[in-house]
Structures are given as structure tokens and as C-alpha cells.
Amino acid sequence: MRTKYKQWAVDYVDEHPEIAIQKFDINDDFFQEKPVIFEIGSGKGEFIAAISLAHPEYNYLAIERVKTVAGMMCRKLVEQGNKNVKVFPWNAELIFEEIKEGFVHSIYLNFSDPWPKKKHEKRRLTFITFLDQYYRILQSKGRLYIKTDNDGLYEYTKEEIKLTKFKVISDEENYEFDADTDFITEYENKFRSVGKSIHRIILEK
Ligand code: SAH
């Protein structure tokens, strides 16, 4: 799904430095005061808005590289009054270097772009170099949660996981949504409403 460029949303990111991080610094109080949870590819932020509200004991970082989309997410979070979320409106690739080993509590990948062409493999958020970075930055026993509707990305991801040291906690071909422990995303809503099965993999360091 492509989101049309929206000037107000791009401006919103620039005008709200209290939520949209302009320069990533892992030493900021926000990253030091509570355990930190990442969502990479947050889209318009439905998931992060809900999970962060339910879990004030964590601080969340929502990473979304499309500025219009990140702006829509920022507005939602500001209007909802979430205090424990920040948005990084750039490519996730830019933050790993800054983050020391074992720093992150858990990571969520929800409905990542499948990038079906082989020549775009490196952009898939479950490409081996990404998985290796997630493994490095996760704390011991830290979890990586992956949900997708895309069969190709699902099968690909399982193969990539074999190249890592992650332990597979669960792998469900047709994951039944559990409102007690999980939060719906915008894409998930859309795909579930047309009867698609959702695949979910949970990994542990
Ligand atoms: N998680 C949302 C959106 C899924 S679409 C949902 O489930 O509804 C995938 C999103 O990931 C897109 O908005 C895309 O811009 C973002 N994305 C893909 N690769 C990214 C990267 N390397 N860094 C940051 N965001 C990325």
C-alpha cells in the first residue's frame, strides 16, 4: 500500500521534536530510564499506540522511514497522549551502530514489506544482516516477534533464521489473534477482514 505524500504529515514530524527523534542518541534519558522495545516498520502506528498504552513500564521506539506515514503516526500518538513512545522517522539501518549489545528488551516486525524480487533481498527486514543485528542488540532471552500475511516472506524468513543463533519459541502458519497478549496492526486488520491467514514467528536470543 502506498501512502500519498502529505505535506501536513511531513511538517508534523519536523514540528514535534518531543516525539519525532531528529537525531538518534541512545544515551538520552528516554532510552535509559526503562527497558526499551522496538517496532521496525510501524506504519501509521496502530500497534505501537495500543501496546505502549497497555505497557507504561516500557519505553517504545517506532521506526518508520516514510516521513508522511511517520507524521501520521506522530499525530496519533500526540493526540492519544502516549508518553512512552518516540518515533524515528528514518531507515532502521541507521540506528544499529549506535546500540550496544544486549540493550533492547524486544523487537516487533509487523507486516514488513516482502520485497519479492531477489535483487531487493537486502531490503527485507528479515535478511540475515538485519537478523544478526537484532540478535546482537537484544538482551539475553530478548524476543523478536514477526507477523506477516506474505507466504514468500514467511518461508524466506524461516530459512534466514536457520543461519542465526535464535531459538524458535513458536512458529504458527495460521496464528489466531489473542487480544490478551497481542495488539492488532492496520495491515493485520485489513488482511484478516479478507480471510487471509496470518503467520507468526517468535524467536528468542
Ligand atoms: N506495521 C504496519 C505497517 C506495515 S507496512 C502494519 O502492520 O500495519 C511496512 C512498513 O515498514 C512501511 O510503512 C515501510 O515504510 C516500513 N519500512 C520498511 N522497511 C523499513 C526500514 N528499513 N526502516 C524503517 N521502516 C521501514
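Derivation of every value follows stated rules applied to the coordinates shown; laboratory data play no part. Everything numeric in this text was worked out from a predicted model, so none of it was measured. Every residue, glycine among them, receives a Cβ derived from its backbone with ideal geometry; neighbour counts consider all protein chains shown.
Residues are listed down the side, and each one gets a yes or a no for (1) under 18 Å from residue 90 (Cβ atoms); (2) surrounded by 22 or more Cβ atoms within 10 Å (Cβ to Cβ); (3) touching a strand residue (DSSP E or B) at 6+ places or on another chain (Cβ under 6 Å); (4) not aromatic (Phe, Trp, Tyr):
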{"site": "11", "(1), (2), (3), (4)": "yes, no, no, yes"}
{"site": "20", "(1), (2), (3), (4)": "yes, yes, yes, yes"}
{"site": "29", "(1), (2), (3), (4)": "no, no, no, yes"}
{"site": "34", "(1), (2), (3), (4)": "no, no, yes, yes"}
{"site": "41", "(1), (2), (3), (4)": "yes, no, no, yes"}
{"site": "61", "(1), (2), (3), (4)": "yes, yes, yes, yes"}
{"site": "67", "(1), (2), (3), (4)": "yes, no, no, yes"}
{"site": "71", "(1), (2), (3), (4)": "yes, yes, no, yes"}
{"site": "74", "(1), (2), (3), (4)": "yes, yes, yes, yes"}
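Exactly one residue out of 171, 113 is touching a Lys or Arg at 6+ places or on another chain (Cβ under 8 Å), under 14 Å from residue 40 (Cβ atoms), surrounded by fewer than 19 Cβ atoms within 10 Å (Cβ to Cβ) and charged (D, E, K, R): that is 113. Summed over the range 46-70, residues that are within 12 Å of the ligand (Cβ to nearest atom), in a helix (DSSP H, G or I) and either out of contact with any Ser or Thr (no Cβ under 9 Å at 6 or more places or on another chain) or more than 23 Å from residue 27 (Cβ to Cβ) (or both) total 8.
Within the range 75-103, the residues that satisfy the criterion of being touching a Leu at 6+ places or on another chain (Cβ under 9 Å) and within 15 Å of residue 14 (Cα to Cα) are 86, 87, 88.
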